[in-house]
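**Q** My questions will all concern the structure given below.
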Amino acid sequence: MQRIPISTGAPYEVLVGQQLLEQAGTLIEHVVSFQKAVIVTDDKVAPLYLEKVLASFSDQYHIEVFVLPNGESSKCESELFRLFSFLCEKGLTRTDLLIALGGGVVGDLCGFAASCYLRGIPFVQIPTTLLAQVDSSVGGKTAIDLPQGKNLVGTFYQPKLVLCDTDTLNTLEPADFAGGMAEVIKYACIADRALFDTLHEPLSDERLVHIISRCIEIKAQVVAVDEHDTGLRMVLNFGHTIGHAVEKYHHYTDYTHGEAVAIGMVKILTLAAAAGYCPASFADEVEALCKLHHLPTVCDVPEEELFAVCGLDKKNAGDTIRIILLKTIGEASIVPMKHDRFRDFLKGN
Ligand code: GLY
């Protein structure tokens, strides 16, 4: 098992390894004291893993379960308030605990609820998707969606512990595993050439533990410097500016988030090469690796749509957008661009 310390205002550890669900109760009891806990999960994950997690707690704890319908549409106000009502009904107090067991939707909503209920109660993340293990469960971003857009209401609120059991990845749909690999490729691109090279080799259980741990270490380094996303943390969004435009253009249905990020990484590097910011080989190398991991790489979003959506990107400040490019594969750079320049950039100039 790997232990990765996260040095945020409230520090904690991420544990990565196999058969962690079976030890969840014991591992959690070591870092948080509580009487009652509510496990928040969804109706796809519960039949697979809930029993194992429940069985890992000793009888002295009172554990309740709250089940969301699987899918992004659950990351909403009505499910959040249904959870708040459940917590009141079960009499959860500030010395109790929430546990998120599932993918990014479960983790984001449960974390947001934990940050608001009684002005904050402890929570633990048990992410069961590759994307949640390498990205959303670590670093304390929580949110729900609004009808106007994704992640529009949220908080920074760190968990007490994150348990990444790589055995849970065995039941992922191939497209969901590939989507997680897109985020892994992103980490390699922005911070670790050796990891990028490793990703060309076949995956084994041991290699997967190493890869996930390395991604979390990279995120930990960034988050330790910029917990509240005011500067450096935006490098974690490499490929995401165009990726968000791809997701939106395809109505969040044709591509998973990770698949859209793969398209976004290749497109931004292709544009950067055309505009002379980097050699064309960067886009070629990233495209080849994405294809190796069964990820799409062709961007069919019209330039005007890209400009419109990117103009709303959170990395905008006034008339300037900050785009994430690569100095080399393994090192990111943040490039500020006026909107007029960005329009030309999208034209390949
Ligand atoms: N997912 C990007 C971040 O946590 O900042």
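The values are calculated or read from the model by the stated rules, or taken from the named source; none is laboratory data. The shown structure was predicted, so the numbers you read here are calculated from the model rather than taken from an experiment. Glycine also receives a Cβ, built like all others from the backbone with ideal geometry; neighbour counts cover every protein chain displayed. Note: accessible area is taken over every heavy atom of the protein model, side chains too, but ligands, DNA and RNA are not part of it. Shrake-Rupley method; radii C 1.70, N 1.55, O 1.52, S 1.80 Å.
**Q** Within region 208-223, identify whether any single residue is within 16 Å of the ligand (Cβ to nearest atom), open to solvent by 40 Å² or more (accessible area, probe 1.4 Å) and in a helix (DSSP H, G or I), and answer yes or no.
**A** The answer is yes, given that some residue of region 208-223 is within 16 Å of the ligand (Cβ to nearest atom), open to solvent by 40 Å² or more (accessible area, probe 1.4 Å) and in a helix (DSSP H, G or I).
**Q** While we're looking at this one, here's another question. Please go through region 158-173 and give me each residue that is in a helix (DSSP H, G or I) and either open to solvent by less than 40 Å² (accessible area, probe 1.4 Å) or at pLDDT below 95 (or both), ordered by number.
**A** Residues satisfying the conditions are T166, T168, L169.
**Q** Could you grab me the full set of residues in region 121-157 that are part of a loop (DSSP other than H, G, I, E, B), in contact with a strand residue (DSSP E or B) (Cβ under 6 Å, 6 or more places away or on another chain) and open to solvent by 20 Å² or more (accessible area, probe 1.4 Å)?
**A** Passing the criteria: P122, Y157.
**Q** So how many residues does region 283-328 have that are of a type in the set (V, I, T) and closer than 24 Å to T230 by Cα?
**A** The total comes to 6.
**Q** Somewhere in region 118-125, is a residue under 29 Å from N170 (Cα atoms) and of a type in the set (G, A, S)?
**A** The answer is no, given that none of the residues of region 118-125 is under 29 Å from N170 (Cα atoms) and of a type in the set (G, A, S).
**Q** Name the residues in region 248-259 that are within 14 Å of the ligand (Cβ to nearest atom) and open to solvent by 10 Å² or more (accessible area, probe 1.4 Å), would you?
**A** Of everything in region 248-259, just one residue is within 14 Å of the ligand (Cβ to nearest atom) and open to solvent by 10 Å² or more (accessible area, probe 1.4 Å), namely H257.
**Q** Something else: Among the numbered conditions (1) touching a helix residue (DSSP H, G or I) at 6+ places or on another chain (Cβ under 6 Å); (2) open to solvent by less than 40 Å² (accessible area, probe 1.4 Å), tell me where G111 comes up short.
**A** With respect to (1) touching a helix residue (DSSP H, G or I) at 6+ places or on another chain (Cβ under 6 Å); (2) open to solvent by less than 40 Å² (accessible area, probe 1.4 Å), G111 is out only on (1).
**Q** Within region 213-220, can one find any residue that is in contact with a helix residue (DSSP H, G or I) (Cβ under 8 Å, 6 or more places away or on another chain), polar (S, T, N, Q) and at pLDDT 95 or above?
**A** Checked region 213-220: no residue is in contact with a helix residue (DSSP H, G or I) (Cβ under 8 Å, 6 or more places away or on another chain), polar (S, T, N, Q) and at pLDDT 95 or above.
**Q** Sticking with this one: Identify the residue in region 224-238 that is hydrophobic (A, V, I, L, M, F, W, C) and surrounded by fewer than 19 Cβ atoms within 10 Å (Cβ to Cβ) and, among all such residues, is nearest to the ligand (Cβ to nearest atom).
**A** Filtering region 224-238 for residues that are hydrophobic (A, V, I, L, M, F, W, C) and surrounded by fewer than 19 Cβ atoms within 10 Å (Cβ to Cβ), the one nearest to the ligand (Cβ to nearest atom) comes out as L232.
**Q** So, G102, is that one within 15 Å of the ligand (Cβ to nearest atom) and within 23 Å of the chain's Cα centre (by Cα) or not?
**A** Answer is no for this residue.
**Q** From the list L87, L118, which residue is open to solvent by less than 10 Å² (accessible area, probe 1.4 Å), more than 16 Å from the ligand (Cβ to nearest atom) and farther than 20 Å from E13 by Cβ?
**A** L87
**Q** Condition (residue is within 14 Å of the ligand (Cβ to nearest atom) and open to solvent by 10 Å² or more (accessible area, probe 1.4 Å)) applied to region 278-291: is it met by at least one residue?
**A** No, region 278-291 has no match at all.
**Q** May I pose another question? Being open to solvent by 10 Å² or more (accessible area, probe 1.4 Å), over 13 Å from the mean Cα position of the chain (by Cα) and away from the ligand (no atom under 14 Å from the Cβ) is the requirement here; does D176 meet it?
**A** Criteria not met by D176.
**Q** Identify all residues within region 183-207 that are of a type in the set (K, R), closer than 22 Å to I324 by Cβ and away from the ligand (no atom under 11 Å from the Cβ); write none if there are none.
**A** R193
**Q** How many residues, within region 1-44, are in a helix (DSSP H, G or I), touching a Leu at 6+ places or on another chain (Cβ under 8 Å) and open to solvent by less than 10 Å² (accessible area, probe 1.4 Å)?
**A** 3
**Q** For L118, all conditions in the list (1) on the phi > 0 side of the Ramachandran plot; (2) not in a helix (DSSP H, G or I) hold save one; what is the number of the exception?
**A** (2) is the only condition that L118 fails.
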